[in-house]
Each structure stands twice: as C-alpha cells, then as structure tokens.
1. Find all pairs meeting these conditions: Cβ atoms under 8 angstrom apart; at least six residues apart or on different chains; first residue within region 116-132 and within 17 Å of Ala92 (Cβ to Cβ); second residue among the hydroxyl-bearing types (Ser, Thr, Tyr) and assigned to a helix (DSSP H, G or I).
2. Would you call Gly158 on the phi > 0 side of the Ramachandran plot and either out of contact with any strand residue (DSSP E or B) (no Cβ under 8 Å at 6 or more places or on another chain) or modelled with pLDDT under 95 (or both)?
3. Go through region 124-179 and report how many residues are aromatic (Phe, Trp, Tyr), touching a helix residue (DSSP H, G or I) at 6+ places or on another chain (Cβ under 6 Å) and under 29 Å from Gly263 (Cα atoms).
4. Does Leu107 meet the test of being over 18 Å from the mean Cα position of the chain (by Cα) and closer than 30 Å to Gly378 by Cα?
5. Suppose we filter Pro251, Pro223 for residues that are more than 10 Å from the ligand (Cβ to nearest atom) and touching a Lys or Arg at 6+ places or on another chain (Cβ under 8 Å); which single one remains?
6. Out of Arg307, Arg335, Arg288, Arg320, I need the residue that is within 15 Å of the ligand (Cβ to nearest atom), under 24 Å from Glu156 (Cβ atoms) and among the basic types (Lys, Arg). Which one?
7. Which of the helices (runs of 4 or more DSSP H) found entirely inside region 289-381 contain at least 2 residues meeting this: at pLDDT 95 or above and hydroxyl-bearing (Ser, Thr, Tyr)?
Amino acid sequence: MKVLILGGDGYLGWPTAMHLSAAGHEVGLADNYLRRNLCREEDVEPLFAVPNLNERVKRWGRVSGCGLAVFIGDLIHWEFISHVFETFRPEAVIHYAEQPSAPHSMLNRRAAMLTLTNNLTVTANVIFAIKQFSPDSHLIKLGTMGEYGTPDIDIEEGWLDVAHKGRRQTFLYPRQASSLYHTTKIMDTDLLWFYVRTWKLRVTDLMQGPVYGLVTETNRGYPELYPFFNYDELFGTVINRFIVQAAGGYPLTVYGKGGQTRGYLDLRDTLQCIELSLNHPASSGELRIFNQFVELFAVNGLAERIRTVGKSIGLKVDIRSVANPRIEQEEHYYRPASTALLELGLQPHYLSDAVLVEMMEIILRHKDAIDAHKIFRGVKW
Ligand code: USQ
C-alpha cells in the first residue's frame, strides 16, 4: 500500500516509517521539524542526538534496502500539503503531525496558539487534501485517551448509546480534556466526524494512552535508528521520564497524590495497532474509534515498580512527591474499554521487569548526557 506518514520524524512517526516499509509498504514521510525546533527553543533536547530525516532514511536504506520518500515542509501551508498529496497519491494516511505535548500547550499564550493553529489547521488541510487528491484513502488519525478525561463512569470505545425520554441515539462519547493539547484532539475528532458524515471519508481515530520505550523490531541493534528519547517535563512521557530519573539518580517526580491512572502501551504496540488499522480499513462514511492502550497504571504504582526494578540492577531510586503543576484529578475512577484492537489481533507487550531493565541499561549508557535542569521546571496550568 502507498502509506503517507505525516509527522514522520517524530517519536512515533519514525518507528512507524521503518515498521511499515519493512512490512513491504511504499512509505512517504512529511515533517517540518516542529518537535525538534520546539525542543531547541525550550532547551529540552532529547537524551541523544538524532540525525535529520533525510540522513535517517539513508541509514535505514543501508540496513533494510527500503527507500522512503521524504517531504520537508509545513502541512499548515496548502501549497506544501497539496504538493505532497498530488505527488504521492496515498492509499492510506497516518496523521501524527501535531504539537503532542500537554505541558507545552500550557506554557504561555504563544505556545497555546501554536498548538491550536498547528493541530487544527493541519487536520483540516489533511481532510481537504484527501477529498481533493485521494478521496478513497483511509485516514488513521492519532487521537488520545486524554480526550475522555477521567469521568466517573466507564469509558466506552468512542461512542455512547444514550436513552433520553423514551428515545435513543448513539453519540460520540462525552469528552472533557485537562489540557489545551488534549482539547485540540477533541476538536480534531469533531472535524473528522463532520467530514465523515459530509464527504464519506474513511477514518480511524486511535485514542492512544501514554507510550513508552525506544527499541522495536526494526531498530534493535541499530541505536542510530532509535527515535527521539525525551525525558524533560515538556516532551517526555512519564515512564520514559522515570527511567531516566532512576538512571540519573534524580528522585522520581510523582505529581500530587499519584493516583492519576492512565492506559499505557509499549512503542511496539503502537506499531502493531497502526498496522492492524491499516490492514482493516474503515469503510467509506465510517468514523471508527479504537481505545489504544494495553494496561492501566497509577503514577504511584509506576514509581514503585521502577524503584524496585532499579534496585535489582543496583540503582538507588528515590521517589519524591511534588506539588502537582497540572489541574487534574489525583484520585479517580477509571475503567476504559479496549477490546477492538485485541479483536483485530493485537498481541500486547506488557511492562515486564525485563522491558524496564532493557530500557534502564540503554539509558545508563547515556547517563552522562542526562541534564538535571531539563527534568522539572513546573510548567503550571
Ligand atoms: N506525571 C507525573 N510525574 C511526571 C510526569 C507525569 O506524575 O514527572 C503524571 C501526569 O500528571 C499525568 C500522568 O503522569 O497524570 C501522565 O503524564 P504524561 O506526561 O506521561 O502524559 P500526558 O501529558 O497525558 O501526555 C502523553 C503524551 C500525549 C498523549 C497522552 C496520552 O505526551 O501526546 O496524547 O500521553 S493520555 O495521557 O492518555 O491522554
């Protein structure tokens, strides 16, 4: 299949590109280096340097024999995105091209506007580009579990059947996010749902939880092909951060009471979920929503696990409760459904001790590069 990955340079985009090209798809990548530029501006660059996208593609080509098409530019600009779609004519589009950080979106007005403008304009441009150049293509859009928030009822997989005054209708499950970034994802879903109804697009919206990890089938043994590994407060997700904190002798930063529960998944499972969605496309006029995570953890439980596993390899890991810089529930009910991807064949990788040890050992090789001032600066909501 001809698969276009928007945001192909990112933490998820780059491993997806290698994975799908290794599986025999013809892959094109578009990126404007937004993530790299924001990291540089905020002085929160990843743990190790990553070559630019053209260079990564060359290195992957030498390892795998696969060639990938690269388009460097900003998908906000219609001239660029229309050029990409007209040239590549994708059969499937994977849309990761968003400002992905909740704390970054809450940094200041400029960051808020960048998040809103980038995320919504790119999603709208993707919709128009599909309509004009590849109307039958399947759009796989990365949403987030954070769209649902932490309601006091079970979270369904995208939709809720509502009975009201003797009549029934199925609606999008109610959404109430706790950051501007997560709110842009809700707005994306509304845009997609409108155009699915109006233009009969085929769309899969993947409601993903926080991802961890860096080793996949395609980069194992090739560190130069690893994705970005952010451990800072803005772009690092909590498990990746805690592993770096454990390796660097920095107390694990549990925000508030630490009862915040989320659905987590290994980077390898993101790749599986994308591939399963690709191989089982949504129908024309269908917005299909999958909850994409494999296990639930509270922050406290994660910190304890990482302390225990760290101890087993000789690390002394402390846990420190810090005042929560975010506005979020610290103790709450959380029971989200996630059966659709398992039914399609997802074989989960769980957060085993072996997985944690492998990550810790890799990070320990970069211990000298850990920069303590990047770990916590308290971006407040
Ligand atoms: N947390 C801590 N200590 C830390 C960092 C985080 O206690 O040092 C807590 C947060 O307060 C939060 C939880 O851990 O309750 C998860 O935080 P996170 O930074 O790993 O994840 P989040 O900001 O929610 O965002 C990440 C990705 C985002 C994705 C989202 C999925 O950056 O792109 O959409 O995970 S979800 O959380 O399900 O919405």
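The values are calculated or read from the model by the stated rules, or taken from the named source; none is laboratory data. Computed from a predicted structure; not experimentally measured. When we count neighbours, we look across all protein chains shown, and the Cβ atoms used for this are built from the backbone with ideal geometry, even at glycine.
1. Short answer, once both residue conditions are applied: Ile127/Tyr195; Ala129/Ser82; Lys131/Tyr195; Gln132/Ser82.
2. Criteria not met by Gly158.
3. 0
4. yes
5. On inspection, the qualifying residue turns out to be Pro251.
6. Arg335
7. So the answer is 299-312.
Yes/no matrix, rows are residues, columns are (1) out of contact with any strand residue (DSSP E or B) (no Cβ under 7 Å at 6 or more places or on another chain); (2) surrounded by fewer than 20 Cβ atoms within 10 Å (Cβ to Cβ); (3) of a type in the set (Asp, Glu):
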| position | (1), (2), (3) |
| --- | --- |
| Thr198 | yes, yes, no |
| Tyr212 | no, no, no |
| Thr216 | yes, no, no |
| Pro223 | yes, yes, no |
| Phe228 | yes, no, no |
| Asp232 | yes, no, yes |
| Phe235 | yes, no, no |
| Ala247 | yes, no, no |
